[in-house]
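In what follows, a structure is listed as structure tokens, so that the remarks can point back to it.
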Amino acid sequence: MKKLIYESPSIQKMNGGLMNKFGTRTEYEPVKQIDGVSVHTMMEQYGSPLFVISERTIRNNYQSAVRAFTTRYPKVQFAWSYKTNYLNAVCKIFHQEGSWAEVVSGFEYQKALGNGVPGNKIIFNGPEKTNEELRLAAGSGSLIHIDHFDELYQLIEISDTLKRKPRVAIRVNMDTGIYPVWDRFGFNYENGQAWSALTKIVNSGKMELTGLHCHIGTFMLSVNAYTTAVKKLGDLAWKCKTQLNNPVQYIDIGGGFPSANTLRGSFLPGTDNIPSVDEFAEAITSQLLQLGFSTNELPILMLESGRVLVDDAGYLLSTVLANKRLSDGRRATILDAGVNILFTSFWYDHKITPAQEFTQHTEDMALYGPLCMNIDVVRQSVNLPLLNRGDKVVVHKVGAYNMTQWMQFIQMRPNVVLIDENGSTHLIREAENLQYVEQLEKIPEHLLKIQL
């Protein structure tokens, strides 16, 4: 008979859990497999902590989003948001599905080209574009989204050195009823900046005005904000046609759709209060169809969705290092994965589940990472079964931003594994080692020798 693990007795108040539409949560289920692949087997093979990405989930999410929009509007094109997750294997999945690339830096632009995306299917956003990058993008036929007047004048200045006119759009910021307004990027609609920029572009005769773009916020919970955005972009598009004699080819509504993660401080779990992709699609396409354009004049609808397509395709597998009691008596569990690789733990209360069987006892606890810094908090408070040293846990919905905003700090970044549609695992990014971290360092001659 297997010896039971000792768990010290404790007195705790009963916690029925938060209410949802099904009542209170009364039980936990271990997550032993992801897409049919054993969690423990993957950790034995690839180490801990470990990021796991589900190819099947990515493809299903993308196909579902495309279906939501194309069944409501005849001209739709998605462009994968590279900053959300620019691991090449992830980007390739989206490109295989038909997504273009949306980039916000020269670094991401080069990655998109390296992934085989034709230049004319790359959208170049962002406030910083060098002359060299603009020449490359213009020469490749990319869609350059102008962010500010200095960039507009920059393009005018270098246009005489280009063999073809740059294909451009402007980013527009506006009041959509969501506050604070995202007005750091682009030209403002309400004060006339956007119209002034459009007029300057057309009157210069040195650029080809092709579209209008906005990105009104992130993790948006209001579909009505997108209705307002489309209406205001539509107003500009109509004026481009009637007053500038320059019809735009597309309207790019950006991204910002939320995943099912739960925001920190939210009263309800994310699964209960986020609009579906279908709801966003209905709001956006309905307004597009009301803009007044004839069927053959309808602009292409561009979407730069990222988080909603990849977040729930990512998992972080971690191992319990230790347990302790804090000074106020609360249980604290220390994991081998910290905020250096789980940046979104600052934003979300990630769902966390054990990866093995457990006893029926649960307790409110804090989950910490292994970093020697006080802010390394994975969950400030969570009710979980009692975890012991060596136990494994699964952190859910980590596919967006963690593998672009992670950093080498105290601990090095781990392996990333992709589970393909056939259930095979592939190492798509190797764990860092000391040689990798130090390869760019240079030591001056006078510092080579030390004597202690």
Checklist outcome for this item: Here the qualifying pairs (Cβ atoms under 6 Å; residues six or more apart or on different chains; first in region 51-70 and buried (at least 19 other Cβ atoms within 10 Å of the Cβ); second part of a strand (DSSP E or B) and hydroxyl-bearing (Ser, Thr, Tyr)) come out as Val52/Tyr315
Checklist entry - Within region 287-367, which strands (runs of 3 or more DSSP E) (wholly inside it) include 2 or more residues that are among the hydrophobic types (A, V, I, L, M, F, W, C) and either under 29 Å from the mean Cα position of the chain (by Cα) or farther than 18 Å from Asn85 by Cβ (or both)? => result 300-303, 314-325, 331-335
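Can Ile144 be described as within 30 Å of Ser276 (Cβ to Cβ) and aliphatic (A, V, I, L, M)? Please lay out each step first, then the result.
Working: within 30 Å of Ser276 (Cβ to Cβ): no; aliphatic (A, V, I, L, M): yes.
No: the conditions fail for Ile144.
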Next on the checklist: I'd like to check something: does region 281-288 contain any residue that is at pLDDT 95 or above, surrounded by 22 or more Cβ atoms within 10 Å (Cβ to Cβ) and within 14 Å of His396 (Cβ to Cβ)?
Outcome noted: no
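In region 103-148, which residues are of a type in the set (Val, Ile, Thr) and more than 23 Å from the chain's Cα centre (by Cα)?
The initial filter retains those residues of region 103-148 that are of a type in the set (Val, Ile, Thr), namely 103-104, 117, 122-123, 130, 144, 146.
The one that is of a type in the set (Val, Ile, Thr) and more than 23 Å from the chain's Cα centre (by Cα): Thr130.
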Item to check | Within region 405-452, tally of residues that are more than 17 Å from Ile93 (Cα to Cα), of a type in the set (Val, Ile, Thr) and surrounded by 10 or more Cβ atoms within 10 Å (Cβ to Cβ) | outcome: 2
Next on the checklist: I need the full set of residues from region 61-90 which are more than 15 Å from the chain's Cα centre (by Cα) and polar (S, T, N, Q), in order please.
Outcome noted: Gln63, Ser64, Thr70, Thr71, Gln77
Checklist entry - Is it the case that region 127-143 has a residue that's closer than 17 Å to Ile253 by Cβ and modelled with pLDDT of 95 or more? => result yes
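The values are calculated or read from the model by the stated rules, or taken from the named source; none is laboratory data. All figures in this text were calculated on a predicted structure; none of them were measured in a lab. Glycine also receives a Cβ, built like all others from the backbone with ideal geometry; neighbour counts cover every protein chain displayed.
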